[in-house]
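The values are calculated or read from the model by the stated rules, or taken from the named source; none is laboratory data. None of the values given here were measured: they were computed from a predicted structure. Here the Cβ positions follow ideal geometry from the backbone for every residue, glycine too, while neighbour counts run over all protein chains shown.
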Amino acid sequence: MISSLRGKLIHKFRNEIILDVNGVGYHIFISKSLSEKVTDLNSEYFMLTYLDVKENSLMLYGFSDEKEREVFKLLISISGIGAKMSHSILSNLTFGELINVITNTKGFSTVKIPGIGSKKLELISMSLKDKIYRIDADAEIKARSGAMGEGSEFMRFEAMNALMNLGYQRNDAEKIIREVLKQSERGMLLNTEEIIRKALEYISK
């Protein structure tokens, strides 16, 4: 899994970029908010990513923060909403704009997203209405725990994988790690081994 990248921007076209990472060019489909930040060719940028693995393709998506990546994961979990459609939504709406659309009584009728009909948009609105606030709350917990850097995100991801290897479902593993980081005074500064150890202690209580 490629969870983040840092490299030099060598090409940009609409909501697609090529990022040179140590001589390897990564083609990344990016969100609207990330597109607004990634503007200068030959400048170095850091971004969170999600690798969508299909039988015949590997597609890499880039996000400006953890909230965007989490809402992308929620979108692709909705029946009939794939990665390309989820990217289309986030390339037209920022996370804040998406919240406003979902909480608006008129919902997605106030916006138009190319290639996505009204029924799909209504399904998305209904599916995300209760879940999108959890993403925002989790982001606040992380902010209070300390600034999230490249290494800390990788360690959180590695710890989650370790719990999944022990038989825990992804949602349960994420919940346990969130609680561990929330309760820890050092928060996101914990390394992978410390997160796993504290997670096991939390489970055994």
**Message:** Can you tell me which condition residue 46 does not meet? The list is (1) over 29 Å from residue 125 (Cα atoms); (2) modelled with pLDDT of 95 or more, and all the others hold.
**Reply:** (2)
**Message:** Please verify whether residue 59 is part of a loop (DSSP other than H, G, I, E, B) and in contact with a Leu (Cβ under 9 Å, 6 or more places away or on another chain), treating the condition exactly as stated.
**Reply:** no
**Asked** With (1) in the same structural domain as residue 84 (by TED's automatic domain parsing); (2) modelled with pLDDT of 65 or more as the list, and residue 160 as the residue in question, which single condition is left unmet?
**Response** (1)
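For the condition within 16 Å of the chain's Cα centre (by Cα) and more than 25 Å from residue 128 (Cβ to Cβ), what is the one hit in 5, 51?
5
Would you mind finding the one in 58, 41 that is touching a Lys or Arg at 6+ places or on another chain (Cβ under 9 Å), among the hydrophobic types (A, V, I, L, M, F, W, C), more than 19 Å from residue 112 (Cβ to Cβ) and loosely packed, with under 13 Cβ neighbours inside 10 Å? Can you show your working first?
Working: 58 fails: touching a Lys or Arg at 6+ places or on another chain (Cβ under 9 Å).
Just one listed residue meets the conditions, 41.
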**Request:** Please indicate, with yes or no, whether at least one residue in segment 49-67 is among the hydrophobic types (A, V, I, L, M, F, W, C), at pLDDT 90 or above and more than 22 Å from residue 85 (Cα to Cα).
**Result:** no
**Message:** I need a count of the residues in segment 1-38 that are buried (at least 17 other Cβ atoms within 10 Å of the Cβ), in a strand (DSSP E or B) and among the β-branched types (Val, Ile, Thr).
**Reply:** 3
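Taking into account only those residues within segment 114-137 that are closer than 20 Å to residue 70 by Cα and aliphatic (A, V, I, L, M), which is modelled with the lowest pLDDT? So that I can check it myself, show each step before the final result.
Of the residues in segment 114-137, the ones closer than 20 Å to residue 70 by Cα are 120-137.
Applying the additional criterion that residues be aliphatic (A, V, I, L, M) yields 121, 123-124, 126, 128, 132, 135, 137.
Details: 121: 80, 123: 83, 124: 83, 126: 81, 128: 80, 132: 70, 135: 67, 137: 55.
Ranking the candidates gives 137 first.
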**Request:** Quick one: residue 86 ticks every box in (1) surrounded by fewer than 18 Cβ atoms within 10 Å (Cβ to Cβ); (2) without any contact (Cβ under 8 Å) to a residue 60 or more places away in the chain except a single one, so which number is it?
**Result:** (1)
**Prompt:** Of (1) over 24 Å from residue 178 (Cβ atoms); (2) within 19 Å of the chain's Cα centre (by Cα); (3) surrounded by 13 or more Cβ atoms within 10 Å (Cβ to Cβ); (4) in the same structural domain as residue 129 (by TED's automatic domain parsing), residue 75 satisfies all except one. Which?
**Reply:** (1)
